[in-house]
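In what follows, a single structure is set out as structure tokens and then discussed.
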Amino acid sequence: MSETTPMPKRAGRPRLPKREAKGEIVPVRFTPTDRRRIAEAAQASEMSVSEWTRKMLVEFSGTEADWKKVIALFGKIRGGYEQAGDSGAARRCDDVIAFVRKIAVDSRRQRFRQQG
């Protein structure tokens, strides 16, 4: 007579279905000075650096003029990394630019649907 013991339950909350999980991760690299400024702003807002950065990107991608500013800013940052020979950081800037463009397109589509 063999008795099997039930499997212990896993700690933590259950996994979310893929469509309900948080979105994509966008890796980005900042200079030590920019990183410090971002950390200070996040702390002053009582947010984590990730929360603050996400909030700022979403807020500043609210209008087409803002999207263009963010894209131009990361384009300049990218150019500095390229000039310094850091192709990895330049590619991460490209990732952020692509992400902001995606937000812009999605936002335009949503506004168009609301108008129609």
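Bear in mind these aren't lab numbers, they're just calculated from the coordinates by the rules spelled out. Since this is a predicted model, take the numbers as computed values, not measurements. FYI the Cβ positions are ideal-geometry reconstructions off the backbone, even for glycines, and counts take in every protein chain you see.
Numbers at a glance
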| quantity | calculated |
| --- | --- |
| From phi via Karplus (6.51, -1.76, 1.60), per-residue ³J(HN,Hα) for region 27-44 in Hz, x at Gly/Pro | x, 9, 10, 10, 5, x, 5, 5, 4, 5, 5, 5, 4, 5, 5, 5, 5, 4 |
| Ranked packing of 49-58, 27-36, 88-97, most packed first, by mean Cβ within 10 Å | 88-97, 49-58, 27-36 |
| Region 63-103: Cα Rg divided by the 2.2 N^0.38 Å rule of thumb | 1.14 |
| Region 28-115 shape via C-alpha gyration tensor axes, a/c threshold 1.5 | oblate |
| Förster-model FRET efficiency, 30 Å R0, Arg13 and Asp66, C-beta, rounded to 0.05 | 0.30 |
